[in-house]
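Below: the structure, in structure tokens.
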Amino acid sequence: MTEIIRNPVLPGFHPDPCIVRVGSVYYIATSTFEWWPGVRIHASADLVRWKHCSYAITRRSQIDMRGIPCSGGVWAPALSHDGERFHLVYSNVYHFAKPHKDVENFLVTAEKIEGPWSDPVRLNGVGFDPSLFHDTDGRKYLLQQLWDPRPGKNPFAGITLQEYDPDTRSLVGERKLIFRGTKLRCTEGPHLYRINGWYYLVAAEGGTSWNHAVTVARSREIGGPYEVCPHNPVLTAKGCPASPLHKTGHGSLVQTKDGAWWMAHLCARPLEDGFCVLGRETALQPMEWTEDGWPRIPETGPLPGLHWSVCGKPAAGADTPTKNPAWAGFQDPLANGPLGPEWNTQREPADGSWLGWAAEGGLVLRGRQSLSCRRRQSLVACRLRHFHVRATVRMEFDPQNFMHSAGLAFFYNTEGYLYLRLSRDDNGNAAWQIIQCRQTEVTHLLENEVAAAGSPVWIQGEIRDGRVRFHQSADGSKWSAVGGGIDARFLSDEGALIYGFTGCYIALAAEDLSGGGRSVVFRDFTYMPDPA
């Protein structure tokens with residue numbers, strides 16, 4: 001039976017993929033923005049089945065994201081291998097409201113993909129989306145987007161090239177602007193490849209939304225001049241509402257052991273009304289070469305294909321690739337530490353000051369500041385990867401007053417979330433509240449608070465086609481609704497206050513606005529996709 005690559009291969013929040021092959025294994029690194037750990041890496045032996053294998057940024061010494069804006073932090077990591085070591089370059093974005101992009105770029109290395117990854121080398125702050133190219137003569141070059149904030153200038157000023165000296169761990173020589181981009185503008189996300197005597201520059205253009213695209217240019221000399229591909233863009237879904245994948249862009253190339261070429265790229269799958277509640281995802285497209293040496297997608301190009309055979313032919317297939325572990329549901333008893341790889345935190349690693357494990361088993365969160373705060377949140381979360389999902393968890397919590405709360409949230413960022421939380425009213429009753437934060441505006445959605453079923457209590461959050469419903473249960477089998485259906489489409493890039501580059505999470509959270517650290521215990525978490 002022919003193996004089928006079903007897109008997206010990495011569903012949910014997995015944007016800006018950079019793909020590389022080392023031996024017989026393929027690796028994809030994706031952006032993580034303000035989520036911790038940083039730079040999520042998946043591995044595959046066949047391009048079909050992908051499994052999370054590591055994070056590259058796992059220590060405070062590698063990045064400081066305290067207080068950064070929503071959708072700041074780690075942008076567009078570029079993974080490469082020089083025959084001896086893995087290299088990863090990434091941006092840490094501290095501020096990106098117009099006209100500035102305040103950013104620093106770093107390099108870390110590791111002998112094995114699992115790490116340990118080194119402490120970072122600071123490279124520069126010229127622009128974002130850095131990548132490292134290893135030439136055949138052993139020299140290394142940093143490419144990146146050049147940002148120009150001056151009035152009247154094109155802020156996406158082009159792609160620069162500068163040599164990197166691994167011995168001194170520093171950039172050397174002149175930084176040169178080698179490509180100003182095409183008429184699509186918003187030139188970013190560069191990757192360089194040397195193929196058949198040509199240097200091929202692959203770039204993202206058109207902006208990372210509905211007009212997103214991949215363009216290609218080439219030169220015989222690394223410093224240019226670069227000629228533009230005559231059939232650019234080589235990938236885009238712009239102007240094609242029937243495409244199953246949208247926002248397609250930010251591509252990188254890989255060659256198989258058999259000599260075939262594939263492109264990894266980001267994409268999104270909107271609901272019928274255009275909201276992408278799963279965020280930007282990762283897909284694969286086969287690439288062929290024209291007689292005059294330019295890459296293109298066979299048969300469908302520049303439109304993306306949804307399903308491909310591993311030999312690069314379009315294939316029919318079910319929309320849900322159940323054979324891909326990246327699409328599966330999961331269960332976590334939350335019995336003891338450490339947190340599994342599906343769980344992330346906001347802006348800082350989990351530590352014993354606010355997260356621990358009960359002696360009899362169970363995840364303990366000590367309440368800190370509100371879910372709207374960019375510092376000192378007590379929150380752990382997993383990616384939303386399906387349009388229809390039920391998440392359940394058992395919670396033990398005894399709030400003493402209105403300052404104590406804990407529960408389950410559908411969480412996009414500190415400016416957008418839906419939060420079912422248990423607290424205590426002025427009469428001393430433990431009761432549920434549903435908090436909506438939409439573009440920073442906080443609303444209590446329940447006209448009358450709903451009494452809790454007891455403690456411990458099971459709570460459930462369900463999302464279906466962009467609508468969320470919450471339930472509670474005293475035994476985990478008989479459920480009662482807490483409130484009605486809630487429009488959750490705003491938990492998306494399109495619903496973000498200024499810019500949104502991430503995706504929706506399902507979060508377990510605790511708040512203690514008094515600063516006393518009131519604790520909650522969570523057990524038996526289940527994330528179950530519903531195919532209906």
| task | Enumerate the calculated ³J(HN,Hα) couplings along region 17-29 in order (Karplus 6.51 cos²θ - 1.76 cosθ + 1.60, θ = phi - 60°), each rounded to whole Hz, writing x wherever the residue is Gly or Pro. | result | x, 10, 10, 8, 10, 10, x, 9, 10, 9, 10, 10, 9
| Cut-off under 5 Å, modelled amide H: who pairs with Trp50 long-range | Ala326
| remark: For 497-505, 181-189, ranked highest to lowest by mean beta-carbon neighbours within 10 Å, the order is 497-505, 181-189
| task | Would you mind classifying region 256-347 by shape? Square roots of the alpha carbon gyration tensor eigenvalues, ordered a ≥ b ≥ c; an a/c under 1.5 is rounded, otherwise it is prolate if a/b is larger than b/c and oblate if not. | result | prolate
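Taking R0 as 35 Å, what FRET efficiency do you get between Glu288 and Asp102 from their Cβ-Cβ distance, rounded to the nearest 0.05? Working shown, then result.
On the way: r = 41 Å, r/R0 = 1.17.
FRET efficiency, Glu288 to Asp102: 0.30.
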| Placed amide H near His14: partners under 5 Å, 5+ positions off or other chain | Arg280, Glu281, Thr282
| field | Gain in span if fully extended, Met528 to Ala260, counting 0.36 nm per residue against the direct Cα distance | value | 92.9 nm
| task | Take the alpha-carbon centre of region 283-318, take the same for region 475-526, and report the distance between them in whole Å. | result | 39
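Mind running the shape call on region 329-529? Use the C-alpha gyration tensor, a ≥ b ≥ c as the square roots of the eigenvalues: rounded below 1.5 for a/c, prolate if a/b tops b/c, oblate otherwise. Show your work: numbers first, answer last.
On the way: a/c = 1.19, a/b = 1.11, b/c = 1.07.
Rounded.
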| What distance in nm separates the simple spin-label points at Tyr499 and Glu84, each placed 7 Å from Cα in the Cβ direction? | 3.7
| said: Could you give each residue of region 434-444 its phi-based ³J(HN,Hα) in whole Hz, using Karplus coefficients 6.51, -1.76, 1.60 with θ = phi - 60°, and x for Gly or Pro? | reply: 10, 9, 10, 10, 10, 6, 6, 7, 9, 10, 8
| task | Please say if region 276-320 is rounded, prolate or oblate, where rounded means a/c under 1.5 for a ≥ b ≥ c the square roots of the C-alpha gyration tensor eigenvalues, and otherwise the choice is prolate for a/b larger than b/c and oblate otherwise? | result | oblate
| Which cross-chain or sequence-distant (5 or more) residues have an amide H under 5 Å from the amide H of Gly249, H modelled 1.01 Å from N in plane? | Leu266
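Full extension from His52 to Glu174: what is 0.36 nm times the residue separation minus their Cα-Cα distance, to one decimal in nm? Write out the running numbers ahead of the final one.
Working: separation 122, 0.36 × 122 = 43.92 nm, distance 3.83 nm.
Contour length minus Cα-Cα distance gives 40.1 nm.
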| note | Along region 419-432, Karplus-curve 3J(HN,Hα) (6.51, -1.76, 1.60; θ = phi - 60°) to the nearest Hz, with x for Gly and Pro, reads 10, 8, 10, 9, 9, 9, 7, 5, 8, x, 8, 6, 9, 8
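Roughly speaking, what is the stretch gain from Trp198 to Arg59, that is 0.36 nm per residue apart minus the C-alpha to C-alpha distance, in nm to one decimal? Don't skip to the answer; put the middle values down first.
Details: separation 139, 0.36 × 139 = 50.04 nm, distance 3.88 nm.
Extra length available between Trp198 and Arg59 comes to 46.2 nm.
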| task | Round to a whole angstrom and tell me the spacing of the C-alpha centers of region 209-255 and region 351-386. | result | 40
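Since every read-out is calculated from the coordinates, none of them should be taken as a lab result. Just so it is clear, the structure is predicted and the values come from calculations on it, not from any experiment. Don't worry about glycine lacking a Cβ; one is built from the backbone with ideal geometry, like all the others, and counts go over all protein chains shown.
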